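Colleague: Next up is a structure, given as structure tokens.
The values are calculated or read from the model by the stated rules, or taken from the named source; none is laboratory data. A quick note: this is a predicted structure, and the numbers were derived from the prediction, not measured. When we count neighbours, we look across all protein chains shown, and the Cβ atoms used for this are built from the backbone with ideal geometry, even at glycine.
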Amino acid sequence: MAAAVVHKQPSAPALPADALAAKARDILQATGETEGYALVLGLDSGQLVEELVRRSDLHVIDKQAQALLGAQRWRWLLRQVNL
């Protein structure tokens with residue numbers, strides 16, 4: 001029986017903090033949205049999410065964090081911020 005082959009998507013190199021801040025600013029300018037909800041998919045780092053939260057009034061849902069925390073912990077965290 002052959003061993004299972006697992007392919008992992010290569011991760012991009014980490015961006016410096018100022019590049020992440022500029023990326024968050026560019027995203028907010030391009031969308032024109034600074035309030036409401038944002039769903040983030042496929043990030044290796046939470047730093048971009050932090051910058052989006054810092055620079056807007058968005059409620060950001062990070063699916064990567066949700067998967068890592070598990071559903072029960074995620075629901076508890078959402079209740080803590082009244083979502």
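Colleague: Any residue in the stretch 38-49 that is among the charged types (D, E, K, R), modelled with pLDDT under 70 and within 25 Å of residue 17 (Cα to Cα)?
Modeller: Checked against the condition, which is being among the charged types (D, E, K, R), modelled with pLDDT under 70 and within 25 Å of residue 17 (Cα to Cα), the stretch 38-49 yields at least one hit.
Colleague: Right, another one. Being of a type outside the set (A, V, I, L, M, F, W, C) and modelled with pLDDT of 80 or more is the filter here, so list the residues in the stretch 50-78 that pass it.
Modeller: The answer is 50, 51, 54, 55, 56, 57, 59.
Colleague: Counting only residues that are part of a strand (DSSP E or B), of a type outside the set (Val, Ile, Thr) and in contact (Cβ under 8 Å) with a residue 24 or more places away in the chain, which one in the stretch 15-63 is surrounded by the most Cβ atoms within 10 Å (Cβ to Cβ)?
Modeller: Ranking the candidates gives 58 first.
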